[in-house]
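Just below is one structure, and these are the notes that go with it.
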Amino acid sequence: MSRLLPSLPDATPEDREPRVVGVDDEDADDLIAALGSETAREILTHLHDEPATKSELAAEVDTSLQNVQYHLSKLDGADLVDVVDTTYSEKGREMDVYAAADEPLVLFAGGEEESAGIKSALMRLLGGYGLIGLAAVAAQRLLSVAGPTARVTTTTGGDDAGVTAEQSGGDGGGAADGGDAAVDGTVEYVVDPLAEYAVSLLEPGVVFFIGAALVFTVAWAYWYRTSGA
């Protein structure tokens, strides 16, 4: 089975606005009905992991093709899934490829004004996480451990003995005693085992993201609580 048509382009951050639905809204009935079945929730969970056709979903959740089609129609009616691609079976039959809708979903109890406030607050939260992610990438590049140590071997003309000089990051150097020294040109890169182990445990970008995200989340929660949004 091969995918002949390209997938739809990924949504931009502006397109992924949170979907806020009140329990008294008309959409809430479709959402609750679509997610009321355990099979439907399993289908939606699988589609969040990877796109799939109806037959692939039937095999994944161990149910009939007709049952998958029934639940997909309800999930589609609630705007929880989308057709993102087209593929063909071995018999040449065209089949739709489904994926979960690419937007956060919040179901809450409250009025329309509260809905707008929650949506605005979530947009600020998600936007903040996006900026922190970009900053974490920059921090990863800036705070990475320095490169390996270069060990340069030099030899004096005609002598069998060699003089070894270590250079870290290109600074400093070594010279042989007595007379001019001819550089053999042999460079051996030695990785500091402690630095390599430290990097394997804690990536600077990951540490930065976790710390910044924690501080931002606490600040956001305080702002949301005090502002009455």
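We did not get these values from a lab; they are worked out from the coordinates using the rules stated. Since this is a predicted model, take the numbers as computed values, not measurements. All Cβ positions, glycine included, derive from the backbone under ideal geometry; neighbour counts span all protein chains shown.
Taking R0 as 41 Å, what's the FRET efficiency between Leu142 and Leu105 from their Cβ-Cβ distance, rounded to 0.05?
The formula returns an efficiency of 0.65 here.
Need the full-extension length gain, Thr63 to Ser37, defined as separation in residues times 0.36 nm minus the C-alpha distance. One decimal, nm.
Working it through step by step, the gained length comes to 8.1 nm.
Run the quick spin-label model on Tyr222 and Ser55: label points 7 Å from Cα toward the beta carbon, then report their separation in nm to one decimal.
5.8 nm
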